[in-house]
Ligand SMILES: Nc1ncnc2c1ncn2[C@@H]1O[C@H](COP(=O)(O)OP(=O)(O)OP(=O)(O)O)[C@@H](O)[C@H]1O
């Protein structure tokens, strides 16, 4: 396998009875990428993570992680990866330090290497003052960082994070992403799943997943440009009613409300003139409009409609 490729996914499929959770998924992820698998609940992200971490076998297809087959080389593969499952995989009745020791035992981290490594992991996660606190008594953000520290205890090459910031406050989310960038600078490859599109923007590359299928994969900016039609933001009174008024106009492809404004995808820029005319004629006050780059949400919605 090409040395540059950290993860190679070839036609991977997983079915549960008649439900196909991951459907003929093919993708290469290079070393040093921060790849975001993005999709709504039930898209198949967790199933994908479980297969790539060799916890669950595929129905068909194959994948290689750090050069090891997920089907044939499970043990070797697990030594090369760190995995933080949803809810962080912690033992709540163990202390912070005991959780680290548990994972160090699990991965056979040599005793002589532990003091230095624990100190570093506790340091970057700001958990040094809480070494003796029970994991169950940590805040959500602290649990998340401890989960990450445990996933890194054996210095993996590739880190898998399944919706790591779910239910975590915004400040902790921001701190967490700072840590991920530090890890990336150290050369680790990161595969993260998220349902948050603002987080997807922070990845070097993303894949949009829907109903088990990979719809598109590229850099976030390129994905946004892929919408292939002009997008406008328009501020008006009663934006919801205004949206109903223009959605059926010729040349209007999509309308969604964003607070007190509308995002309108049109076939041609000129269509916006008739949009403004109709809104004014119907008594809506058009307060302003500007052309914008579509958001990832705009692209995602247009692809799944
Ligand atoms: N062990 C299982 N047995 C049966 N069906 C399953 C199993 N695991 C997942 N599924 C189904 O597969 C589909 C994809 O689920 P999956 O958990 O992978 O999605 P997800 O994108 O990670 O969403 P979530 O964030 O809700 O976990 C869903 O329809 C789910 O019900």
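Write out, first by first residue and then by second, each pair whose Cβ atoms fall under 7 Å of each other, whose residues are 6+ apart or on separate chains, and whose first residue, in region 72-84, is without any contact (Cβ under 8 Å) to a residue 60 or more places away in the chain while the second is in a strand (DSSP E or B).
Cβ pairs passing all conditions: 76/68; 77/65; 77/68.
Conditions: (1) surrounded by 14 or more Cβ atoms within 10 Å (Cβ to Cβ); (2) within 16 Å of the ligand (Cβ to nearest atom); (3) under 16 Å from the mean Cα position of the chain (by Cα). Residue 29 meets all but one. Number of the miss?
Looking at each condition in turn, residue 29 falls short on (2).
Out of 48, 84, report the one residue that is closer than 30 Å to residue 135 by Cα and away from the ligand (no atom under 13 Å from the Cβ).
On the way: 48 fails: away from the ligand (no atom under 13 Å from the Cβ).
Residue meeting the stated conditions: 84.
Checking residue 10 against (1) within 16 Å of the ligand (Cβ to nearest atom); (2) closer than 28 Å to residue 296 by Cβ; (3) surrounded by fewer than 17 Cβ atoms within 10 Å (Cβ to Cβ), only one condition comes out false. Which one?
(1)
Identify the single condition in (1) within 22 Å of residue 195 (Cβ to Cβ); (2) in contact with a strand residue (DSSP E or B) (Cβ under 7 Å, 6 or more places away or on another chain); (3) at pLDDT 95 or above that residue 39 does not satisfy, given that it satisfies every other one.
That leaves (3) as the condition not met.
Exactly one of these conditions fails for residue 19: (1) over 25 Å from residue 67 (Cβ atoms); (2) surrounded by fewer than 23 Cβ atoms within 10 Å (Cβ to Cβ); (3) modelled with pLDDT under 95. Give me its number.
The number of the failed condition is (3).
Enumerate the helices (runs of 4 or more DSSP H) found wholly within region 233-305, keeping only those where 2 or more residues are surrounded by fewer than 12 Cβ atoms within 10 Å (Cβ to Cβ).
Numbers: elements: 239-246, 271-281, 296-304.
Here the list reads 239-246, 271-281.
The values are calculated or read from the model by the stated rules, or taken from the named source; none is laboratory data. Note that the structure is a prediction, hence the values are computed from the model and not measured. Note that each Cβ is placed from the backbone with ideal geometry, even for glycine, and that neighbours are counted across all protein chains shown.
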